[in-house]
Amino acid sequence: FHRSVLEVLREPLESGQITISRAARQADYPARFQLIAAMNPCPCGYLGHPANKCRCTPDQVARYQGRISGPLLDRIDMQIQVGALPHDDLVRESDGEPSAMIAERVERAATAQLQRQGKLNHLLGSSEIDKHCKPDQEGEQLLRQAMVRLQWSARAYHRVLKVARTIADLSGEHGIRRRDVAEAIQYRRAMKEQ
């Protein structure tokens, strides 16, 4: 997608609604959605691949990754890289948790969020984040270090706190610990920060 098309996502990602203006009329529509997106690390798709060689120049990689602006990335809560899997791993049966167990844990976490604050974590505003998403002292120190090193905005800081709160909720913990913050930081490693 062209950068201008992607930038249109900023408003609904932030506010959960979209405003359409035509001539003398304006209409607001609900637009709360969960965005799941994927992109290659470069135009050829092999940047960082262990077996195939990338043929892109650094300028091509920068232009390609530049299609997603910093402000748009700021509004995406979790950004992870998924490397290529060896063929043996693709055909091997997973030894992970069954979906039913995961669904139960998610339901318990959502119930805890509603009881604690009357809404789910992703809907919390800034003052509510300060109240319900305060990590322990070690977690706060780690988050401050990450903010300085990775040059995050206040929006990124708040989004990491909400993810850390959710991680703690999924673990059944009342407080946010350093390890919850560390995991949330790992989920916010965009390509531009590497």
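The values are calculated or read from the model by the stated rules, or taken from the named source; none is laboratory data. What you are looking at is a predicted structure, and each value in this text was computed from that prediction instead of being measured. Virtual Cβ from ideal backbone geometry, glycine too; neighbours counted across all protein chains shown. The area values use the complete protein model at the heavy-atom level, side chains included, leaving out ligands, DNA and RNA. Shrake-Rupley method; radii C 1.70, N 1.55, O 1.52, S 1.80 Å.
Among the trypsin sites (Lys or Arg not before Pro) in region 1-86, those located in a DSSP loop and surrounded by at most 15 other Cβ atoms within 10 Å of their own Cβ are 32, 53, 55, 67. Pairs of lysine residues in the chain that meet both criteria, 8 or more places apart or on different chains and Cα atoms under 25 Å apart, total 7. Between 181, 82, 61, the GNM of the chain built on Cα springs shorter than 10 angstrom shows 82 fluctuating the most. Percent of C-alpha pairs per 5 Å bin in region 36-106, short distances first: 3, 12, 15, 17, 18, 13, 12, 8, 3, 0. If R0 is taken as 35 Å, the Cβ-Cβ distance between residue 72 and residue 171 corresponds to a FRET efficiency of 0.70.
Roughly how many Å² of residue 176 are accessible to a 1.4 Å probe, to the nearest 10? Accessible surface of residue 176 is approximately 0 Å².
Shown for the chain: cysteine residues without a partner Cβ closer than 4.7 Å, namely 44, 54, 133.
Which order do 138, 93 take when ranked by solvent-accessible area (1.4 Å probe, heavy atoms of all protein chains), largest first?
From most accessible down to least: 93, 138.
Rolling a 1.4 Å probe across all protein chains gives residue 54 an accessible area of roughly 30 Å².
Under a 1.4 Å probe, what is the accessible area of region 48-169 per residue, stated in Å²?
Accessible area per residue, region 48-169: 67 Å².
Between residue 2 and residue 38, what length comes free when the chain is fully extended (0.36 nm per residue of separation minus the Cα-Cα distance, one decimal in nm)? Taking 0.36 nm per residue and subtracting the Cα distance, the gain is 11.5 nm.
Under the combined filter of DSSP loop state and at most 14 neighbouring Cβ atoms within 10 Å, region 1-50 retains these chymotrypsin sites (Phe, Trp or Tyr not before Pro): 1, 33.
Label reach from residue 104 (point 7 Å along Cα→C-beta): in region 162-180, amide nitrogens under 20 Å belong to 167-174. Diagonalising the gyration tensor over the Cα atoms of region 76-194 and scaling each eigenvalue by 5 before taking the square root yields semi-axes of 26, 22, 12 Å, largest first.
Accessible area per residue (1.4 Å probe, heavy atoms of protein chains only) ranks 169, 95 as 95, 169, with the largest value leading.
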